[in-house]
Amino acid sequence: MGSAMEHAGVAGGRPKKSPGGSQLWKKALLHSSLCFVMGFFTGFAPSSVSDWRSVAPVGVGSSHMVRTPHLISGAVNRSLLARGVIPAPGAPQPLLVVVTTTESTPTAAGERAAMLTRMAHTLRLVPPPLLWVVVEAAPDVPATAKLLRDTGILYRHLTYKENFTAAEAAAGKERHHQRNTALEHIERHRLAAVVHFAGLGDVYELRFFDQLRQISTFGAWPVARMSRNERKVVIQGPACSSSKVLGWFSRDLSNGTTGTGGGTAATSPEIDVHGFAFNSSVLWDPERWGRYPTSEPDKSQDSMRFVQQVVAEDYSKVKGIPPDCLEIMVWGVDAAPATAPSSSGQTPGNKRRR
């Protein structure tokens, strides 16, 4: 009995603790610890999302944020901007107008689509703004129009109704007419841009288009011209001292001969039309660049001939690119030579294009 009384006394004197109270204390302690840790690390985070975006370059989305540690510092950026090494953020780039002429002869028609496609792939690699102007005869328009729509390039497709014989096309009269058609369109719509004539067979170094955007009036560069059926390479272009044009030269690498051209009207040098570019403002504001009057009324209406004459004769308006004009950035492939007369005495030039 004593033992029973003793057991009862112990139970009444020391009551058992409730297990639920201990668990509540543990939960409260864990919650407080988590809040403390989260608050501690939150203090190291930026105050707003804009702080992270402020270090990203202009035009780069948030998916490129991982590359920001490789950017140069703001002080270096300001130094380069002041020297013009890199463009200012948001500074508009000059529009480039690339004019491409086409052949209307049956032989060239089979190659036109392939060469236009190749040129389109090249121009798609050039940063905008860029406008591609393609000129061709009216009968060839439907097939080319579909091709141009699928390129994804901003373009204008120009046409004309004049007919040219194969002999006239071989002599360059049709291409000259096409270039004047393009210049007339540019002048009529006041397209302020740097204009360049690109041949379907031309191959470019992509840095060349960055050089074009630096032209303020006229620019010229050496062109390496290759022949399909002959092992012959001819380089034509300006002879320069830095960016100053001193004259014009032509060198045949197959035999090592070199020729030079003067700057007088009597000895005007032959300049590759794909070897120069100009600011389109000269077409509608000639006095701004010091255009001189001409005594030939018909010649004054020929915009292409006027531009070629100024480039060939007035060196002060022409900038040589790249500096010293020592690097070839444009290569051209000439079309196959004209077919020899047949035994009947009839040449391809006697047949009129249908």
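Details
- Selection of region 214-253 for residues being assigned to a strand (DSSP E or B) and small (Gly, Ala, Ser) yields Gly219, Ala220, Ala224, Ser227, Gly237, Ala239, Ser241, Gly247, Ser250.
- Wholly enclosed helices (runs of 4 or more DSSP H) of region 130-200 bearing at least 1 residues of a type in the set (Phe, Trp, Tyr): none
- If you go through region 228-238 and pick out every residue that is crowded, with 16+ Cβ neighbours inside 10 Å and in contact (Cβ under 8 Å) with a residue 60 or more places away in the chain, you end up with 3.
- Options Arg231, Arg213, Arg225: the member that is under 23 Å from Ser316 (Cα atoms) and basic (Lys, Arg): Arg213
- Pairs linking a residue in region 201-214 that is more than 15 Å from Leu125 (Cα to Cα) to a residue that is among the acidic types (Asp, Glu) and surrounded by fewer than 18 Cβ atoms within 10 Å (Cβ to Cβ), with Cβ atoms under 8 Å and 6 or more positions apart or on different chains, are Gly201/Asp334.
- Count - residues of region 142-156 that are open to solvent by 40 Å² or more (accessible area, probe 1.4 Å), over 12 Å from His121 (Cα atoms) and not hydroxyl-bearing (Ser, Thr, Tyr): 6
The values are calculated or read from the model by the stated rules, or taken from the named source; none is laboratory data. A quick note: this is a predicted structure, and the numbers were derived from the prediction, not measured. Neighbour counts run over all protein chains shown; Cβ positions are idealised from the backbone, glycine included. Note: areas computed on protein heavy atoms with side chains; ligands, DNA, RNA excluded. Shrake-Rupley method; radii C 1.70, N 1.55, O 1.52, S 1.80 Å.
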